[in-house]
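Worksheet: the structure to be examined is printed underneath.
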Amino acid sequence: MKPSRRHFILRTASLISACVPGANAFAETGSVSESDLTARLLSYRIDATSVDKAEHPKYVSGQVCANCRHYKGLAADRSGPCAIFLGEFVSANGWCSVYGKIER
Ligand code: SF4
């Protein structure tokens with residue numbers, strides 16, 4: 001099966017996150033900043049309502065980290081771990097370009 005562009009971006013971001021000191025992999029605490037390398041690569045926004053819909057036509061209002069399959073925080077938390085941004089918390093109301101809706 002041919003890997004998709006999305007798959008490539010996801011793998012690249014995870015690799016950067018895991019290998020680049022300061023990108024976020026080794027931070028013990030803290031939240032992802034929109035200016036972080038991986039965040040910029042994935043167009044991460046702390047507040048999903050600020051997503052540029054022209055730049056990200058797949059973004060749909062209501063998509064937030066808290067209902068993304070990569071989010072590992074609890075429903076009531078304002079932020080939590082994300083499988084993409086290893087070692088740091090993302091905002092529960094955030095969003096990035098690898099958002100994936102939780103399948104139930
Ligand atoms: S949208 Fe999903 S993958 Fe992106 S930062 Fe939020 S929880 Fe992580």
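Under 10 Å from the Cβ of V60, count the other residues' Cβ atoms, weight Lys and Arg +1, Asp and Glu -1, and hand me the total.
Local charge sum for V60: +3.
Just the accessible area for V64, please: 1.4 Å probe, Å², rounded to the nearest 10?
Surface accessible to solvent at V64 totals approximately 30 Å².
Could you pull out every residue, at least 5 positions away or on a different chain, whose amide H is within less than 5 Å of the one on A92? Hs are placed 1.01 Å off N in the peptide plane, and Pro or chain starts have none.
Amide H to amide H, under 5 Å and 5 or more residues apart or across chains, A92 pairs with S79, G80.
Just to be sure I understand the model, the point goes 7 Å from the Cα along the line to the Cβ. What's the resulting E103 to K53 distance in nm?
2.8 nm
The values are calculated or read from the model by the stated rules, or taken from the named source; none is laboratory data. Small disclaimer: the values here were computed from a predicted structure and weren't measured. For neighbour counting, all protein chains shown are included, and Cβ atoms are generated from backbone atoms with ideal geometry for every residue, glycine included. Please note that ligands, DNA and RNA were not included when accessible areas were found on the heavy atoms of the full protein model with its side chains. Shrake-Rupley method; radii C 1.70, N 1.55, O 1.52, S 1.80 Å.
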